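S.K.: Before I ask anything, let me first share the structure, which is written out below as structure tokens.
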Amino acid sequence: MTIERKDVVHVAKLARLDLNEDEIERMTRQVDQIVTYMRSLDELGPLDPADVPPTAHVLDVSCPLRADEPRPSGQDEAILERAPGRRDRFYTVPKVIE
Amino acid sequence: MSRNDQWETVIGLEVHAQLKTATKLFCSCSTRFGEAPNSNTCPVCSGYPGVLPVLNGSAVEYALRAALALGCEIPPMSRFARKNYFYPDLPKGYQISQYELPLAVHGHLEIPSGDGTKRVGITRVHMEEDAGKLVHAEGASSLVDLNRAGTPLVEIVSEPDIRSAAEAADYVRTLRSILTYAEVCDGNMAEGSLRCDANVSVRPRGSTTFGTRAEIKNMNSFKFIEKAINYEIERQIELIEDGGKVVQETRLFDSRTGRTESMRSKEEAHDYRYFPEPDLPPLVLTPARVAEVRASLPELPDARRKRFADDLGLPTYDARVLTETRELADYFEDVVKAGAAPKAASNWVMGEVLRGLKGEAPAPSDLKWPPRYVADLIAMVEAGTISGSVAKTVIAEGLESGQAPAEIVKAKGLSQISDDSALFAEVDAVIAANPGEVEKYRAGKEALLGFFVGQVMKRTGGKANPKRLNEIVRDKLKAP
């Protein structure tokens, strides 16, 4: 087992997922299978991982840049209207206590 | 043995500086401060699904300027990463930042230390987006304003080279000066354009390992940086001396109580699960591009301070004060260019001109007197047209009204009385009115000379030419 129950509980908590006992058990099994599957890479042979830079992006391009020119979206009101909670021009969220 | 001998403080600072771009880091919404809540928002900075970030070219340039001004190395490639956490001011559920491959590494800056300087290392400079603003209103809700969400920031992380609260404030002051010189950040701490977090720990003096650190947030002025860190140092030392242990945690400075308080609400949020941002390819910066940005940097405070001291012959202290902001240094240099001697210009700019500016960010562009007027005033003092004390009145009035010095002197009749016959009459009158003092003076109490000079100055409204007056008084007081 690469992934254990406590890993799943921890990640679920960070991701704000409310899993029941059955789901925790199922997720532990499934995530473990996925991670274990990655071991297939070992079949490639004695490759030194240090020789292979990790792939973060598949396209060989530099990050495209945009001109610094303001353009009002014209959608601020529409976005506010769709919010679950609103007071005047603010979004409302459950009280955050510092 | 004092605590200072037993304990050493170790401080590293993380400063977030808002870049002076017109638009946000990944969308074309305006970054203007003080707009109606949630008016500078769009689907990108509001965290709508299906949208894509597009990087602001000016933000990259400003961040590069900041990094180069801090003497950093620029790796050929940097990468954006997602920092995952949930908080109501962060609509996407992650902040786009840089993690493993930051924009810049290995910089440094020099803070004042005695007569010289002390070098503080800069670990890294990376780009990231700001979160929105939470307003804690009455009732069951908090209010969210996303105008600030997505605003471009650089985070500048220092090495743990700082050893006291005063050094920490000096570091931020120096950093602010460099960033404003490089024109990447307006440096306004009250509006949050420059924010500082401190990692503070203490260790027994002589120890080479670090103690457990606490991270202090919410110090939005130089005064609070010192106050918060000093409070935290005392707290940690007391805790350890009482047999306790410092816990690694985030603590919030409360400027009303002057204390730092544990921020339990964020305790669990430290597992950020960073991973490379799939929506943005790596940022490649060619040596040519870096060289181009480097060449566009203005003279920075260190170089300018050195030039003021070496070429203009100013004392170190003057050079430091005058170069703290680029605007003040420019103002001073313009006074010199208009013909004033550097040291005289320095005295007037550091004295009366600075007095005319209030607050932590002197803005000489707000002054009603152009530098040329200060040079004119200095010339009038040197020519003996007005005395130094009258000049102070003139500049104070000029900074209020904007009137040229010659106009003020003329309108108020402030020209010095250098005409001997007029001065003779004044001195005679003072001598006649103070026979007792005259006798004491003649009996050898020569310190009374100043009394007679002062009396004449009083009668003439400070307009007597002090040099000539001294001579005349001395003459007249000689035994008859």
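The values are calculated or read from the model by the stated rules, or taken from the named source; none is laboratory data. Quick caveat, the model's predicted, so the values are computed rather than measured. So basically every Cβ, Gly included, is an ideal-geometry build from the backbone, and we count neighbours across all protein chains shown. Heavy atoms of the whole protein, side chains included, go into the accessibility calculation; ligands, DNA and RNA do not. Shrake-Rupley method; radii C 1.70, N 1.55, O 1.52, S 1.80 Å.
S.K.: Can you list the HN-Hα couplings for the stretch B:134-145, worked out from phi with the Karplus curve (6.51, -1.76, 1.60; θ = phi - 60°), rounded to whole Hz and with x for Gly and Pro?
M.R.: Along the stretch B:134-145, the couplings run 9, 10, 8, 8, 6, x, 8, 10, 9, 10, 10, 10 Hz.
S.K.: Expressed in nm to one decimal, what extension gain is obtained for the pair B:Lys478 and B:Phe33 from 0.36 nm per residue of sequence separation less their Cα-Cα distance?
M.R.: Values: separation 445, 0.36 × 445 = 160.20 nm, distance 6.99 nm.
Going from the current span to full extension adds 153.2 nm.
S.K.: Report the Stokes-Einstein translational diffusion coefficient (µm² s⁻¹, integer) for chain A, Rh taken as the Kirkwood radius over Cα pairs, at 20 °C with viscosity 1.002 mPa s.
M.R.: Values: Rh = 19.6 Å.
The calculation lands on 109 µm²/s.
S.K.: Moving on. Could you put A:Arg66, B:Arg213, B:Arg32 in order of accessible surface area, largest first, with the 1.4 Å probe and the full protein assembly present?
M.R.: Details: A:Arg66 35, B:Arg213 110, B:Arg32 150 Å².
Descending order: B:Arg32, B:Arg213, A:Arg66.
S.K.: For the stretch B:420-476, compute Rg over Rh where Rg is the Cα radius of gyration and Rh is the Kirkwood radius from the inverse mean 1/r over Cα pairs. Write out the running numbers ahead of the final one.
M.R.: Details: Rg = 10.4 Å, Rh = 11.1 Å.
Ratio of gyration radius to Kirkwood radius: 0.93.
S.K.: Would you list the membrane-span-like helices of chain B, meaning whole DSSP H runs whose alpha-carbon atoms span at least 15 Å along their axis and whose mean Kyte-Doolittle value is at least -0.5?
M.R.: B:57-69, B:165-181, B:222-241, B:371-382, B:388-401, B:420-433, B:449-459
S.K.: Could you name the aspartates and glutamates whose alpha carbon sits less than 15 Å from that of A:Lys95, not counting residues in the same chain fewer than 8 places away?
M.R.: Reachable aspartates and glutamates: B:Asp89, B:Glu138, B:Asp145.
S.K.: Same structure again: How much of B:Ile431 can a 1.4 Å solvent probe reach, expressed as accessible area in Å² and rounded to 10?
M.R.: 30 Å²
S.K.: Another question about this same structure. Let me check something: with ligands and nucleic acids excluded, how do A:Tyr37, B:Tyr272 order by accessible area (1.4 Å probe), largest to smallest? Walk me through the numbers on the way to the answer.
M.R.: Working: A:Tyr37 160, B:Tyr272 45 Å².
From most exposed to least exposed: A:Tyr37, B:Tyr272.
S.K.: Could you run the Karplus curve 6.51 cos²θ - 1.76 cosθ + 1.60 with θ = phi - 60° over the stretch B:86-97 and give me ³J(HN,Hα) per residue in whole Hz, x for Gly and Pro?
M.R.: Result, rounded to whole Hz: 9, 7, x, 8, 10, x, 7, x, 8, 9, 7, 9.
S.K.: Could you sort B:Phe210, B:Phe80 by accessible area so the largest value comes first, with the probe set to 1.4 Å?
M.R.: Working: B:Phe210 125, B:Phe80 0 Å².
From most accessible down to least: B:Phe210, B:Phe80.
S.K.: Students often forget the sequence filter, so: which lysines lie under 28 Å Cα-Cα from B:Lys445 once same-chain residues fewer than 8 apart are removed?
M.R.: Partners found: B:Lys458, B:Lys463, B:Lys467, B:Lys476, B:Lys478.
S.K.: Another question about this same structure. Determine the equivalent ellipsoid of chain B by diagonalising the alpha-carbon gyration tensor, then write out the semi-axes as square roots of 5 times the eigenvalues, largest first, rounded to whole Å.
M.R.: 56, 28, 21
S.K.: Which whole-number percent of Cα pairs in the stretch B:250-385 have a distance greater than 17 Å? Walk me through the numbers before you get to the answer.
M.R.: Details: 6591 of 9180 pairs.
In whole percent, the share of Cα-Cα pairs in the stretch B:250-385 beyond 17 Å is 72.
S.K.: Rounding to the nearest 20 debye, state how big the charge dipole of the protein assembly as shown is about its Cα centre with +1 on each Lys and Arg Cβ and -1 on each Asp and Glu Cβ.
M.R.: Details: 74 positive and 87 negative charges, 356 e Å.
Roughly 1700 debye for the protein assembly as shown.
S.K.: Can I ask one more? In square angstrom, rounded to the nearest 10, how much accessible surface does B:Tyr48 have for a 1.4 Å probe?
M.R.: Ignoring ligands and nucleic acids, B:Tyr48 comes out at about 80 Å².
S.K.: Have a look at the stretch B:326-412 and give its Rg and Dmax from the Cα atoms, expressed in angstrom.
M.R.: For the stretch B:326-412, the Cα-based Rg and Dmax read 11.8, 35 Å.
S.K.: Same structure again: Give me the one-decimal Kirkwood hydrodynamic radius in Å for the stretch B:138-226, with the sum taken over alpha-carbon pairs. Before the final figure, lay out the partial values.
M.R.: Numbers: mean 1/r = 0.0650 Å⁻¹.
After inverting the mean inverse Cα-Cα distance, the result is 15.4 Å.
S.K.: Another question, then. Please list, or write none, the lysines whose alpha carbon is within less than 24 Å of the alpha carbon of B:Lys306, excluding same-chain residues fewer than 8 places away.
M.R.: Output for B:Lys306: B:Lys118, B:Lys337, B:Lys343.
S.K.: I would also like to ask the following. Considering only DSSP beta bridges with both partners in chain B, what is the antiparallel share in %, to the nearest 5? It would help to have the intermediate numbers written out before the result.
M.R.: Numbers: 55 of 59 bridges.
The antiparallel fraction comes to roughly 95 percent.
S.K.: So, in nm, how far is label B:Ala433 from label B:Arg355 when the simple model puts each one 7 Å beyond its Cα toward the Cβ?
M.R.: 2.6 nm
S.K.: Quick one: grab Rg to one decimal and Dmax as a whole number for the stretch A:5-45, Cα atoms only, in Å.
M.R.: Over the stretch A:5-45's Cα set, Rg and Dmax evaluate to 12.7, 41 Å.
S.K.: Sorted from largest down, give the three principal axis spans of the alpha carbons of the stretch B:59-207, whole angstrom values.
M.R.: So the extents along the principal axes, rounded to whole Å, are 54, 39, 32.
S.K.: State, to one decimal in nm², a quarter of the convex hull surface area for the C-alpha atoms of the stretch B:163-313, i.e. the direction-averaged projected area.
M.R.: Values: hull surface 58.3 nm².
Mean projected area for the stretch B:163-313: 14.6 nm², to one decimal.
S.K.: So, one more: How big is the A/B interface in buried accessible area, both sides summed, 1.4 Å probe, to the nearest 100 Å²? Before the final figure, lay out each step's value.
M.R.: Numbers: alone 9950 and 23540 Å², together 29620 Å².
That pair hides around 3900 Å² of surface in total.
S.K.: OK, next. How far is the Cα center of the stretch A:42-98 from the Cα center of the stretch B:51-107, in Å?
M.R.: 12 Å
S.K.: Quick one: compute the contact order of chain B, relative version, from alpha carbon pairs under 8 angstrom and 6+ residues apart, as a percent.
M.R.: Relative contact order comes out at 14 percent.
S.K.: Tell me the label-point distance for the pair B:Ser221, B:Arg289, using the 7 Å Cα-to-Cβ offset, in nm and rounded to one decimal.
M.R.: For B:Ser221 paired with B:Arg289, the spin-label model returns 4.1 nm.
S.K.: Could you state the accessible area per residue of the protein assembly as shown in Å², with a 1.4 Å probe and every protein chain left in place?
M.R.: Working: 29620 Å² over 578 residues.
Using a 1.4 Å probe on heavy atoms only, each residue of the protein assembly as shown averages 51 Å².
S.K.: Calculated FRET efficiency, A:Arg5 and B:Tyr87, Cβ-Cβ r, R0 35 Å, to nearest 0.05?
M.R.: Details: r = 28 Å, r/R0 = 0.79.
Between A:Arg5 and B:Tyr87 the formula returns 0.80.
S.K.: Okay, next question. Quick one: pull the percentage of alpha-carbon pairs in the protein assembly as shown with a separation above 37 Å.
M.R.: Details: 85298 of 166753 pairs.
Here the long-distance tail beyond 37 Å is 51 percent of all Cα pairs in the protein assembly as shown.
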